Amino acid sequence: MKRGEVWWADLGPYRLREQTGRRPVVIWQSDTLTQVLQSVLVIPLTANRQRANLAGTAVVASSPDGLPEDSVALAFQLRAIPKSALQTKIRSLSEDELAELELATDEALGRVEPEKASE
């Protein structure tokens, strides 16, 4: 379990305006914290490509080894989940995907002004 890996996770039951259920997530906390904590910070993914127009998002490409379709990482929905909610590793992000998600996180946290159009 390392930063930048994409995993299938159980995000729990339905909550209004949040990604829930079984879905892919990106592990986003430091490897040092992951080793000592029972929870992990993750960024959920959605297959709704229209979300890519929002600030605080990054595209994650499909992969033959588990991610069925291109997805959008929703950095503005960064959250902590129990490690036990992580089910199966899908793959690691590419360097380009990591860089795009770093920028998306900075936009979501207000460290940089978004360049993307908002909804």
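The values are calculated or read from the model by the stated rules, or taken from the named source; none is laboratory data. What you are looking at is a predicted structure, and each value in this text was computed from that prediction instead of being measured. Quick reminder, even Gly has a Cβ in these numbers, built from the backbone with ideal geometry, and neighbours come from all protein chains shown.
So the values come out like this:
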read-out	value
Strands (runs of 3 or more DSSP E) contained in the stretch 41-119 and holding at least 2 residues without any contact (Cβ under 8 Å) to a residue 24 or more places away in the chain and within 22 Å of G21 (Cα to Cα)	none
Subset tally (residues that are at pLDDT below 85, over 10 Å from A85 (Cβ atoms) and out of contact with any Phe, Trp or Tyr (no Cβ under 9 Å at 6 or more places or on another chain)) for the stretch 1-25	7
Verdict on A104 being of a type outside the set (D, E, K, R) and under 19 Å from A9 (Cβ atoms)	yes
Candidate set from the stretch 23-40 (those that are in contact (Cβ under 8 Å) with a residue 24 or more places away in the chain and in a helix (DSSP H, G or I)); member that is surrounded by the most Cβ atoms within 10 Å (Cβ to Cβ)	T34
Members of the stretch 77-90 that are crowded, with 17+ Cβ neighbours inside 10 Å and either at pLDDT 95 or above or of a type in the set (A, V, I, L, M, F, W, C) (or both)	L78, I81, A85, L86, I90
